[in-house]
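Read-outs: derived from the displayed coordinates by stated rules, not from any lab. Keep in mind that this is a model prediction, so the values were computed, not measured. Please note: Cβ atoms are built from the backbone with ideal geometry, for glycine as well, and neighbour counts cover all protein chains shown.
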Amino acid sequence: MSLWVDKYRPKDLSKLDYHKEQAENLKKLTHKGDFPHLLIYGPSGAGKKTRIMCILKDLYGSGVERLRMEQLNFTTPSKKKLEIMTVSSNYHIEINPSDVGMYDRIVVMDLIKNVAQTQQLDVNGQREFKIIVLTDVDNLTRDAQHALRRTMEKYIANCRLILCANSTSRLTPAIRSRCLGIRVAAPTVPEICCILQTICKKEGLTIRSEFAQKIAEKSNRNLRRAILMCEACKVEQYPFAPNQNIAEPDWLMFIRAMARKISHEQSVNTLASVRGDLYELIIHGIPNNIIFQTMVSELVKNCDISLKAEIISQAALFEHRLQHGNKAIFHFEAFVAKFMCLYKRFLEDAVADVF
Amino acid sequence: MKRSNKWIAFDVDTEVAMKSKEPAAASFTNVDTPKNHLRLSNSCSSINLIEKLKPKTVDTLAVHPKKVKEVSDWLERNVIKRQARVPVLVLTGPTGAGKTATLDVVCRSLNINVREWINPVDKEVDERFYQAQSVCFLEFFSLAKYNSLCDQVGGHQVALVEDFPNFAINNPTEFVNVFERCLGHLPVVFICTDASSSKLDLLQTLFPQEMREKYRIEIISFNPISATLMKSALKRAQSFVQKKSDLFHIPTAEVIEAVVISAMGDIRCAMNQFAFACLKGVGSIPLEANTTIPKKRKRGEKTAIIKSMERDETLGFFHALGRVLNPKRDESSQLFKIQCDFESLIDQFSTQPSNFNAFLQENYLKYFGDLGDVQLASDILSSAQLFLANWNERHEIMLYSLWVGVLGLMVHNRHKLSRWNQIRGPTKLKTITNTSGENFEMGAMDHFYYNKITNSDKFHVFKLRN
């Protein structure tokens, strides 16, 4: 069984539901001889990956749809074995280098070298280059980015890179200037509603526009999540009731509970237990910036305006550190401790005012 | 061999006497020793005694038998059978762990001649002709492969470098060049004593990791001698001394115990102290004079006497961690003064600043009694980690972030909780990646819906706790 998200993913540039003008431009780009390195960025669930697959199909034909999963092995100079999953066809390979954490530099360098040193065997192949798709490039370490910069230029004859990121802010200017940047904005709520209704129609279901609207709003303009939500609702109860509960992700509830715990009691012990929660979130792959954002917006909910301002400024400080440093837990914990102190003082002042 | 007899004639230090006994001693020294002994034994018998106390056979070594086995295995493999092409061995360990003694004794038992390089200190300088030290060093290696006329015929040879030439310490890169050129002549054994400071750590500066891999340098590291092994060594020494009770004071059992404790695993220190006790009767004098004084006091006195010769304390990783997490303040003054030698503390962690910071972060919460303190400390740790992440080009700079972290934690811990806590290692953050194959595209944030749609629990479910 395949999920609706995969089943109804547009396979061709001309079949995309929104950003039609951009799709036109992409089509023109693929038909020109000199295809540049691409940097595709935008919020998650906006359709970056869909567009990449469409571009690949436009370049190479339907051959790119025959995908195979492979596990590649790399060895670091210190003899540590790394394993990483790749998805590849005859024409392209897709990899997420940040899966191996701090060793991403080796993966990036070795992979590009390997791919670039082999020419396309297929004489009739329309293109003389192969494509390497790197996802999650905003999590690449500085080292890996420097390595990438060099290899990008060196092997441009045999391979092109398509980088996929959420934001360009963590990429070095050197990388950004070597790619053609393409921003994929998140779909608007009406666009999501429209897509949900088409999918339901194809599935033979009826969905009222108010309910579609509700899902779209709850999805935070994340199309993938909207479709998943819709399918989850269908599994839960069909026909849809207009006031049906739309389940929110468990990690969201988890962060909310954590925020409640922080506001409830400010002590060293709470901090220790919050650390445990944070570790759980990080280990299970919830991105750091999402954790931070959700946590802060939950925390400031029951603060008065002056405190709110102070907390936001502190949050900005630690978020900045988080972006520039490694080991997120240090910065999370420092922020939570700071919040606890500020909030505790605020509460004490409030009590003092009453008497 | 550049050892001249002047060395011994001038200096009656025990150190020299130990060296002169080494089997490497060339023919010159052998000829001269009787004269020396005669002279020295007239004035004082210390040299003789320490000589006599030295281990002669493998059984009498105080080193752990497994280490001895490792060394003798290496010698057998590489010196007698010559299996490796460029056999190089490095022995490391703290002072007085028996590195040299082990090599000597094992070589003697295997009938191997040791050629030792000694820095030519008192060589008469020829005005017209001056040789660079590195040239001498090279020459030593090329000449050392020839048997001495006085040695047994057909014996195997091994070169020993314990006294590193000055050029090696001043200029490690030059040492590497010379090292490459002197390989191949002979199996070489280097002895590097552990140093408390990272700058003096010869093992790190002269034999970095890539070099060890390139030349397949084997490293055997010695541990400090354990108390039981040291006690049995001292017992042997005691029985030797007892045979000649007319010459020596016999140290009491208490003195021996104090020697074992104060030596802290340094067998050379222990033997020297034992010899002094024999010659001067250190422990026995106060015992005879003040028999009425309570026992505790006597013991205190004795250790105080011996303490003046105690070794420098080196901190282990965890010990130092405890120092930082549990800072000792000067209680007497009003100022918050922390009693600690920060320099040595930082030096202790300098090899792995990042790891140490992670250890601190994992454990600091349990030692803090106040939220305000925690906030300041966590802020400091977060900045230290930021520096570590961004200033990692040079090691010296990484040390600054270590300073920030260590001082920050110690200064801000004003409401210390003193209780026993288990030290935990930093949490391993291996992000669980989806390697199952299908649903490759899906991010961790959407796993919840996958679970819901397929009504399974393939992915992790965050459980809400109250």
* **Distance in nm between pseudo-label sites at B:LEU279 and B:GLU180 (7 Å out along the Cβ direction from Cα)** => 4.8
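With r as the distance between the Cβ atoms of B:ARG424 and B:SER456 and R0 = 30 Å, compute the FRET efficiency 1/(1 + (r/R0)^6) and round to 0.05.
On the way: r = 34 Å, r/R0 = 1.13.
My answer for the efficiency is 0.30.
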* **Relative contact order (percent, whole number), the range A:189-236, Cα cutoff 8 Å, 6+ residue spacing** => 39
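Give the percent of DSSP beta bridges with both residues in the range A:4-183 that are antiparallel, rounded to the nearest 5. Numbers along the way, then the final one.
Numbers: 11 of 29 bridges.
Of those bridges, close to 40 percent are antiparallel.
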* Asked: What residues qualify as long-range amide H neighbours of A:LEU16, i.e. H under 5 Å apart, gap of 5 or more or another chain, H built at 1.01 Å from N?
  -> none
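For B:ASN390 and B:ILE80 in the same chain, what is the full-extension length gain: residue separation times 0.36 nm, less their Cα-Cα distance, in nm?
Values: separation 310, 0.36 × 310 = 111.60 nm, distance 5.15 nm.
In short, 106.5 nm is gained.
Rounded, prolate or oblate: which fits the range B:317-412 when a ≥ b ≥ c are the square roots of the eigenvalues of the alpha-carbon gyration tensor, with rounded for a/c under 1.5 and prolate only if a/b beats b/c?
Numbers: a/c = 1.86, a/b = 1.41, b/c = 1.32.
Verdict is prolate for the range B:317-412.
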* **Under Karplus coefficients 6.51, -1.76 and 1.60, residue-wise ³J(HN,Hα) of the range A:240-248 in Hz, glycine/proline x** => 4, 8, x, 9, 5, 6, 9, 5, 9
* At q = 0.15 Å⁻¹, what is the log10 ratio I(q)/I(0) for the range A:4-183, with the Debye formula run over Cα points and no solvent? -> -0.88
* To do: In nm, give the distance between the simple-model label positions of B:ILE338 and A:GLU217, each being 7 Å from the Cα along the Cα-to-Cβ direction.
  => 5.4
* Asked: What translational diffusion coefficient, in µm²/s and rounded to a whole number, does the Stokes-Einstein relation yield for the range A:250-353 at 20 °C and a viscosity of 1.002 mPa s, taking the hydrodynamic radius as the Kirkwood radius over Cα pairs?
  -> 155
* **Dipole magnitude of chain A about its Cα centre (Cβ charges: Lys, Arg +1; Asp, Glu -1), debye to nearest 20** => 1000
* Long-range amide H contacts for A:GLY181: which residues qualify at under 5 Å (H placed 1.01 Å from N, peptide plane, sequence gap of 5 or more or a different chain)? -> A:LEU39
* To do: Sum up the charges of everything whose Cβ sits under 10 Å from the Cβ of A:PRO242, counting Lys and Arg as +1 and Asp and Glu as -1, but leave A:PRO242 out.
  => +1
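Using just the helices of chain A, give the 222 nm mean residue ellipticity in deg cm²/dmol: DSSP H runs with n ≥ 4 each add -39,500 (n - 2.57), and the total is spread over all residues, rounded to 500.
Working: 14 runs with 191 residues, N = 355.
So the calculated ellipticity at 222 nm is -17000 deg cm²/dmol.
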* Asked: Could you state the principal axis extents of the C-alpha atoms in chain A, from the largest down, to the nearest angstrom?
  -> 86, 57, 33
* Asked: Roughly how many whole Å is it from the C-alpha centroid of the range A:149-227 to that of the range A:244-320?
  -> 26
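I'd like the FRET efficiency for B:ARG216 and B:THR95, computed as 1/(1 + (r/R0)^6) with the beta carbon distance as r and R0 of 45 Å, rounded to 0.05.
Numbers: r = 27 Å, r/R0 = 0.60.
Efficiency, rounded to the nearest 0.05: 0.95.
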* When the Karplus curve 6.51 cos²θ - 1.76 cosθ + 1.60 is applied with θ = phi - 60°, which whole-Hz ³J(HN,Hα) does each residue of the range A:193-202 get, with x for Gly and Pro? -> 4, 4, 5, 4, 5, 4, 4, 4, 5, 5
* Karplus (6.51, -1.76, 1.60) ³J(HN,Hα), θ = phi - 60°, over the range B:234-246, in Hz, Gly and Pro reported as x -> 5, 5, 4, 4, 4, 5, 5, 5, 4, 5, 10, 5, 6
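What is the packing order of peptides B:235-242, A:215-222, taking the mean over residues of other C-beta atoms within 10 Å and listing the highest first? Intermediate values should be presented prior to the final figure.
Details: B:235-242: 15.2, A:215-222: 19.0.
In descending order of packing, they fall as A:215-222, B:235-242.
Of the DSSP beta bridges with both residues in chain A, give the percent that are antiparallel, rounding to the nearest 5.
Numbers: 11 of 29 bridges.
Just about 40 percent of them are antiparallel.
Could you work out the mean count of beta carbons from other protein chains within 10 Å of each residue's beta carbon in A:25-34?
0
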